[in-house]
Every structure is written in C-alpha cells, then in structure tokens.
Amino acid sequence: MSAGTGGTGRHVVGRHVVVVGAGPAGLAAADAALAAGARVTLVDSAEQPGGQYHRMLPDAYEAANPDVLQHGYNAFEQRSMRVIGHRRSTWLADTSVWAIERDDPSRAPLVHVLTGGLPRERRTLRPDALVLAPGAHDRVLPFPGWELPGVFTAGAAQALAKGERVAVGDRVVVAGTGPFLLPVAVSLLEAGSRVVEVLEAARAASATRGWLRKPWELAAQAGKTGELASYTAALARERVPYLPGRAVIEARGDGRVEEVVSARVRGDWSVVPGTERVTAADAVCVGHGFTPRLELAVASGCELRGSAPAEVFVEVDGEQRTSAPGVYAAGEVTGIAGAPAARAEGAVAGWFAAGGDPSARTLAPLRRARDQGRAFAERLAHAHPVGREWPGWLRGDTIVCRCEETDYAAVCAAAGDPVSSEARVARLGTRAGLGPCQGRMCGVTVAELRARLGAPDPDPAAPHRRPVAEPIRLAELAAPPAEREG
Amino acid sequence: MDRTRVVILGAGIVGSACARELALAGCDVLVIDRGGPAAATTSHGEGNILLSDKGPGPELELAKLSRRLWPEVLTDLGGLAVQAEWQPKGGIVVATTRAGADGLRPFAASQRASGVVAEAMDADALRAAEPHVTREHTAAVHYPQDAQVQPAGAAAALLSGALAAGASLRSGREVLGGVVRGGRLTGVRTSHGTLEGDVFLNAAGPWSGELAARLGAPVDIRPRRGEVLVTTPLPPTVFHKVYDADYVGAVGSGAGDLQTSAVVEATLAGSVLLGSSRRRVGFDARTRPEVLSAIAAKALRLFPSLARVPVMRAYGGFRPYVPDHLPVIGPDPRLAGLWHASGHEGAGIGLSVGTARLVRALLDGREPEIDAGPFRVDRPAVLGEDVPAGSTAGEETT
C-alpha cells in the first residue's frame, strides 16, 4: 500500500493518516489527506459513510429544495466514492474504536479497533497522524417522568422516523431547544405522527437577538436558513403550533407517557408559576442540543477548552491540531457548528495531518468557510442557550441517571457531604453514570448539577474519561489482535 | 488542653479508619488530604476483605484481627454503614492446573493451622456453589470468611464515623514539608498554611514514600498499578469471590513487569468485576490494552461462559507497595512525632480497621492485640536498604 518509489531512488511512503468518523468532517479529512498524498484509513461504526447528518434530512427538505439537496448529495456522493475508491485508502466500515493507547507520548497514539460482525475482529492501527471526527450525540435534560416509555431523544425519534419509517406515537410533543427540533417534527409528520406542538424553550426575543445580531454571518450560511425555512413551512401547512418560551417540565402516565406538562419559562429557563398546562400525548421527543463525543480525544491526551461541563470541547489551533502530538480534531468535538463548518474543519485537519503544504491556496477558502460556520454556531448558541435555571423543574425523586435510576436527591446528598463529595466517590456511591451507557446520557448533566451544588469537578475531562471507549466482549478482548497495520 | 493532637495525612480508607479509632480514643483528630476523601487508591480497588490470599504470618494475623473487627465497626457505625455495602459472601480459590492444585492444598492446610476456615470442595460442591465456573479445575477451596465492601463507601462510612466522634476534615490540602523543632516534627507546611500537632500519621498510600521524603524521613513505599474490568450488568452469575490459585503467587511476588491472575466477582449492581494485574510503572496512569486483554484471557479460563459478556468499563489505580510485602505501621524512630500507616499494597481496604486498632494501642502505649513488631518502620525493606540495584520507583516496564 506504499505510494511508490520516487525518481531519485528514495523510497517515498505517504504518511499514514487514520480518520475516525465518516461524517461530514471525517470524510472531508480523508479526502484532503489523500489529496495531500497520505495513505488513509477511514473508520466508522456504520456500514456507509455519511455520519448522522446525511441520515437526518426529512423528505420535505428534499421536496422543497431539490436543487440544493441534489447538489449537496452529489458532492457528498462524489466525495464518498473518491475516498473509498482511492488506491491509498482503506475503508473500515462497521468498525469501532474501543481503545486509544498512548504507547509513545511523542507521537500519534495506537488506535485499537473492532471490525465486522460477531465475533468482531480486533486490530491495531499505527497512524502517523490521527484525525478525530466522531461527532456528537443528543443532549437531553432530565425532567420528572423522562424515564417513561414514550419519551425519546429528538435524535432517536428522527432516526426511527426517517430511517425505519416508525412513528414513535400518534400524538407527539416535540420539545427542547435549537433548530434541530424542526426537522425532527417534520420527519415525525412524514412518518404519520400527529405533532401536537413544538415547544422551543428559548423565548422569541432571545432567538431573534441571536439570529439577527450580525446578519452578514447569516448570509454565509444561506443554505442553512433556507433549510430551516422549508421546515417552518412544512409545519405551518400541517398547522403545528410552534411555541417559543415553553418547556416540557414533566411527563406522566401509567407505565408509559399519557400526558406532558409544559410551562412558560423565562430567559434563564426558570418556570413561570401558574403557566403549567397539561397536554395529552403518547410520545414526547426532547432535545437540548448536543454533547460532543470526547472520549477518544480525552484518551488521546488532548487538552480541552471550556469549564462549564456542557461547554467543553477539544482545543485546536488554526490547523485543527490538538495539544496531543499527531492528533487532529474536526467537527462537533471542537464546537457544535453544523455540517458546513465540520466539512471545512475536516479538510483543514486532513490536509495538515497528511503533512500537506501549509501555503496551499485551497486552504484560504476552507478556513473562511470554517470561520463562517463557527460564527454561525456562535449565533445559534446565543439564540438557543440552555438556561441555567433548568434544574428548577427537578424534584427530589426525579431520575437523573436512567441506567442506574439515581435520583436528584441522591446527587444532591452526595455533593453536599464533604466525606463523599469528590466526583469519583460520589459516582460510586450514587451509581450515576456507572450503567450501560457509561454516563453518555447523564455525565455532563450530573457534572453541571454538582457544580451548581458547590462540588465542581476540577477535571473537565472527567465525564468523558472512558478508557474502554466501546463495549468489548470478553472473548474479543482476550483474543490477540490481528497483525498490527502501518 | 492535654488531648493528643493528631494530624492524619491522607483521607483514604486507612486514614479514615485511623481517624475514627483515634477520635473515639479521645484524640483531637484532623484529617487532611491533597484531593478529596477516598478519591485515589481507595476508590480504585475492588473492596477486598480477604483471608484466603494470605499465608501464615504477620499479615494474616492483621487480616484476622481486621476481619473480626469489621462487623463490629459496621454495627457501631449504625446507619452510616449502609454505604459500605458489606457482603460476607466468601471466597473460592480454584486451581486449574496440576501444579496449582499441588500448591493450593498445602497452602490451605497451613492456613487452617493458623485458624482460617478453608474447606476443600469437590467438583459437585464447586458446581453447586458456582454453576458457571470452569469444569477444567484441579482443586477448589472455600473460604467463608472472605468478604467484600464498596471501598469508597466503606471509607466514607469510617470517615463519617470519625467526624461524628469529633474529628475534622480538610480536603484540598497538600503537604509541602515539615516543621521540625528540637528533633521533633511539630508541624506540616501545606498548600494552605502550617498545621501544628503532636502526632502526624502518614496514611498517604502509594504517595507515602514521597510524603515521607518531604518530611525528611523517607520510606520505601512505591506505587504498583492494577487494573479492573467491569462488565455490563448480568443476571446472577458469580456468587462468591472466585479467583485462580496463582493469584496468591502474584500477590506475593515483587516482580516489576506485568503479572495477571484471575479474580472474578459480582457487585450488588449486577456487574462482574474482573481483575487483576500488577505492574510497577511509577504513577503512569495510561491504559494498556494488552493488560486488559491479559486480564480477560485469565478470567475466561475460570469462567468460559462469560465469553460473550461485554466489558463496558476499565479502571486502574495504584497500590502502596513495600518490597517485603508487609504494611508499615507505627512511629518513625528517626523523627519523633511522625507515624506511618501505609504500605498495605492491595489489601488496605480489608486491613484498614485492624491497622487503626494497632495505631491506637501503640499511641496509648498499650500492648496491641497482635504483635506489631513485624510492621515496624525501621526494617531494611522500608528504609530502602535492601533494594536491588536498578529498581527505582519511577521505573518503566515495557
């Protein structure tokens, strides 16, 4: 798989770049690294490249924007085929990274992967440079009753509706914050659900301020706003109410969701007393933004930025380089900025990971696109902040960790006792975050609650520290890895 | 004021147990820790309270004392004890080779002679006790006295008991050095000012060596790393603490390179914990997949039916290791006012309450319940006098 022999007789072998994640960022990174002459191994847990983004677009968007979509899809398809078909690339579908090993702190770490069906094959990749583009997963804040069947994360509901044409319910409430609620609602309609209402916790004023503060930044993301306009139109056609400044504060039902309680919330998401309203519904889909998947970056030794638990991301420089030698990061792990920014970041990361020419002309537009995407993300964050008073709707018996059924009172008690307030000791005592999802759902929330309760964890990486990044069966772990590659 | 002012340096399980015992004895006790209570070694172990892995000798005597004390201490702690998750579930040691069986039988006999309950099991008894254990075994011994706790919870219970008895706690205080007056340690300088006292008890676990050096009286206590795998929750599958007979050899070994031996047990939450490994790598906390792999392979030898069970987490920690494998308990003859309670390697959870009892007796000038002489500080292994050349604390194994 070497790149060949140079004319001078010197053996020229491209750098081996391993890219984790084949969403918009990872695919762009692989493409750019190949263009810069590297040998690329692209790893993704799915069978096809595309990541979450390309699985998420509702049909209505396609109908309303056939040209835009076709253009975007073609670009994606071309890039996909170019990367996968390239003679210097290896596409590892159905492959998960289960561990990162920093065997030599002066260079990129070893990447331990599992490939295929059962039993999965264990392999070790030795990259010259590693690009991390694992993306993000849904964030859902707890509320009383959120453990009931019938409560879905917005992303899960979207995947069921879009991917499997499964309607999560007949009467569905969509709630939370952020523009992602719109395509979710539209996909639910397309799957045959009746969407009773869409509740956006951000107040109209806040959203308007965020969106309109710097109109020139919006212009650069015109594709994105067009996309959102098409969803709004689809919801209007079906007469689905879209209510800003309202949040779901409870789900109730006997064994499953039968009704949801919503209330008006202020700018800081404190509940306005007396505004509670009960809505009959058999499903509620909730999304409060996204949590970056940071475990591989943490395992790689990358420094993080941000101190508030929900605002922690990988620190990168202008070339998408992290603080860990040979490790680059792109996409949502560096900041929730959407697909266009992710693509640009990925291309920059892949180019530099491959040792590409830093003065290459193609870099300037990429960096511009990246900066515009980030500016857009900044505006989104301003328009849809998670208000700091959301814990006001928790009660003592509200489940915080759904895997272990740890309630809010237990989290408060541990944080308030100096004997057990240290994060790890509290985790062992309350069991929050120790269940099958390993705190992917509740880790950031628990850290945020503990900080409010006066027991902040000094280590922002703690909720993301998972040396076993993916469950691995004992037989798979016990078997020696296949011959090391690279 | 004529109460002895005791400053305990380290709020792990050993420091917590000592704090409780000394506060109950009427001392004026202050516990300080560089981080938070139980945050380091204590919360990174399995919570072993074992007699089964100890051959006749002083450590077994300390283990027997501790095993007798644990139920008393927990009863005394009342409602605080719940968080310790005490499980007197018993241990079963299984040999899977002829050599293992040949070693296990006389070992168990010698333990019986020292007062340990160690019952030989035939194949039927083993299968009845542990239906999923390998059929490929050559001998098995049941140790009904072995028990398990949730270690951080047990430490929290002990420390809460200490606070209830009048002790106080200050977290986030790192000891920087000592204040010596007239040949006596009268204070410690910390990151938050100087603390004065009559007795300073070094209970810093694997950091005890470094701490003692800062106080001017070095002891040879070093970190020895271990890792544990945690499976997803299972229906009841493993009922005792089950381990391979070669575990005893690994515990007693001083080798710096990787050693693994199977230790398999379930927690109350349904997860199965799989240990164990031993490596001397300084305080290098990086995960090594080959270590996890070796642990998995050994565990499957004991429980082949766990092959398809997913491991969802791994964690590791540092044990306080002394070259002669005995804890260090008592006053430091080189520096008046300095005491040590450390060096328990992987047995500190179990041995904590017995250690505290010894410290209390020695401080009172009473004869302890067991001979504390073997744990004294001025032994060659502790003072670093018989350390083989080239094996230093920062040594890296590859």
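The values are calculated or read from the model by the stated rules, or taken from the named source; none is laboratory data. Values in this document were obtained by computation on a predicted structure and should not be read as measured data. Glycine also receives a Cβ, built like all others from the backbone with ideal geometry; neighbour counts cover every protein chain displayed. Quick note on the areas: whole protein, heavy atoms, side chains included, nothing else; ligands and nucleic acids left out. Shrake-Rupley method; radii C 1.70, N 1.55, O 1.52, S 1.80 Å.
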query = Over the C-alpha atoms of the protein assembly as shown, what are the Rg and the largest Cα-to-Cα span, Dmax, in Å?
reply = 29.7, 90
remark   = Under 20 Å between C-alpha atoms, the lysine pairs in the protein assembly as shown lying 8 or more places apart or on different chains count 9
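Sort the following peptides by mean Cβ neighbour count (other Cβ atoms within 10 Å, averaged over residues), highest first: B:287-298, B:341-352, B:360-371, A:125-136.
On the way: B:287-298: 21.6, B:341-352: 28.3, B:360-371: 14.9, A:125-136: 26.5.
Top of the packing list down: B:341-352, A:125-136, B:287-298, B:360-371.
So what is the relative contact order for region B:151-226, in percent, with contacts set as C-alpha pairs under 8 Å and at least six apart?
Rounded, it is 18 percent for region B:151-226.
A:Leu394: net charge of surrounding residues, Cβ under 12 Å, Lys/Arg +1, Asp/Glu -1, itself excluded?
On the way: positive: A:Arg395, A:Arg452; negative: A:Glu250, A:Glu389, A:Asp397, A:Asp407, A:Glu448.
The answer is -3.
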message = Using the Cα centre of region B:75-137 as origin and beta-carbon charges of +1 (Lys, Arg) and -1 (Asp, Glu), tell me which of B:Val116, B:Ala129, B:Ala99 is placed farthest towards the positive end of the dipole.
response = B:Ala99
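Looking at region A:413-486, which trypsin sites (Lys or Arg not before Pro) are in a loop (DSSP not H, G, I, E or B) and have at most 13 other Cβ atoms within 10 Å?
Listed in order of number, the matching sites are A:Arg484.
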key: Cα-centre dipole for the protein assembly as shown with unit charges at Cβ (Lys and Arg positive, Asp and Glu negative), debye to 20   = 1580
query = Percent relative contact order of region A:324-470, based on C-alpha pairs within less than 8 angstrom and at least six residues apart?
reply = 15
ask   = Can you give the accessible area of B:Trp339, probe radius 1.4 Å, in Å² rounded to 10?
value = 30
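I'd like the FRET efficiency for A:Arg237 and B:Ser168, computed as 1/(1 + (r/R0)^6) with the beta carbon distance as r and R0 of 56 Å, rounded to 0.05. Before the final figure, lay out each step's value.
Numbers: r = 67 Å, r/R0 = 1.20.
E(calc), rounded to 0.05, equals 0.25.
Which of the trypsin sites (Lys or Arg not before Pro) across region A:227-308 are loop residues per DSSP, with 11 or fewer other Cβ within 10 Å?
Those that pass, being in a loop and sparsely packed, are A:Arg239.
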message = If the only charges are +1 at each Lys and Arg Cβ and -1 at each Asp and Glu Cβ, what is the size of the charge dipole of chain A around the Cα centre, to the nearest 20 debye?
response = 1000
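Could you work out the local net charge near A:Arg79, counting Lys and Arg as +1, Asp and Glu as -1, over the other residues with Cβ closer than 12 Å to its Cβ? Write down the numbers at each step before the final one.
Details: positive: A:Arg82, A:Arg343; negative: A:Asp31, A:Glu77.
Net local charge, A:Arg79 excluded: 0.
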ask   = So who's got an amide H within less than 5 Å of the one on B:Glu174, skipping anything under 5 residues away but keeping other chains? H placed 1.01 Å off N, in plane.
value = B:Ser191, B:His192
request  = Mind pulling the angle between the C-alpha long axis of helix B:348-364 and the longest principal axis of chain B? Nearest 10 degrees, somewhere in 0 to 90.
outcome  = 30
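Please report, in cubic angstrom per residue, the volume enclosed by the convex hull of the alpha-carbon atoms of region B:54-116.
Spelled out: Cα convex hull of region B:54-116, divided by residues, is 92 Å³.
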key: Counting DSSP beta bridges with both ends in chain A, the antiparallel % (nearest 5)   = 45
request  = Let me know the mean shielding of A:413-419 by other chains, meaning the per-residue number of their Cβ atoms within 10 Å of its Cβ.
outcome  = 5
note = The size of the Cβ-based charge dipole (Lys, Arg +1; Asp, Glu -1) of chain B about the Cα centre, to the nearest 20 debye, is 580
task = Return the distance in nm (one decimal) between the two label points of a simple spin-label model at B:Leu234 and A:Asp170, each offset 7 Å from Cα along Cα→Cβ.
result = 4.4
task = Go through A:Gly178, A:Gln158, A:Val198 and say which Cα lies farthest out towards the positive end of the charge dipole of chain A; charges sit on Cβ, +1 for Lys and Arg, -1 for Asp and Glu.
result = A:Gly178
query = In degrees between 0 and 90, to the nearest 10, how far off the longest principal axis of chain A does helix A:66-85 point, with axes built from Cα atoms?
reply = 40
query = If you wrap region A:236-395's Cα atoms in a convex hull and average its projection over all directions, what's the area in nm²?
reply = 13.1
ask   = Relative to the longest principal axis of chain A, what angle (0 to 90°, nearest 10) does the C-alpha long axis of helix A:222-237 take?
value = 30
inquiry  = Taking 8 Å as the Cα distance limit and 6 or more residues as the minimum spacing, I'd like the relative contact order of chain A as a percentage.
reply    = 20
task = Mind checking B:305-317 for the average number of partner chain beta-carbons within 10 Å of each residue's beta-carbon?
result = 5
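Suppose R0 equals 45 Å; then what is the FRET efficiency for B:Asp124 and A:Arg452 from their Cβ-Cβ distance, rounded to the nearest 0.05? Don't skip to the answer; put the middle values down first.
Details: r = 57 Å, r/R0 = 1.26.
It comes to 0.20.
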ask   = Antiparallel DSSP bridges in the protein assembly as shown: what percent, to the nearest 5?
value = 60
inquiry  = Show me the GluC sites (Glu not before Pro) within region A:304-393 that DSSP assigns to loop and that have at most 15 other Cβ atoms within 10 Å of their Cβ.
reply    = A:Glu319, A:Glu389
Estimated [θ] at 222 nm from DSSP helical runs (n ≥ 4, -39500 (n - 2.57)) normalised by residues in the protein assembly as shown, nearest 500 = -9500 deg cm²/dmol
task = Per residue of A:425-435, count partner chain C-beta atoms within 10 Å of its C-beta, then hand back the mean as an integer.
result = 5
query = Which far-off residues, 5 or more places away or on another chain, put their amide H under 5 Å from the one on A:Thr275, with H placed in the peptide plane?
reply = A:Arg264
Spin-label model distance (nm) - B:Ala269 vs B:Asp378, 7 Å beyond Cα toward Cβ = 4.8
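Quote to one decimal, in nm, the extra length available between A:Arg256 and A:Ala46 on full extension: 0.36 nm per residue of separation minus the C-alpha distance between them.
Working: separation 210, 0.36 × 210 = 75.60 nm, distance 3.10 nm.
Full-extension gain reported as 72.5 nm.
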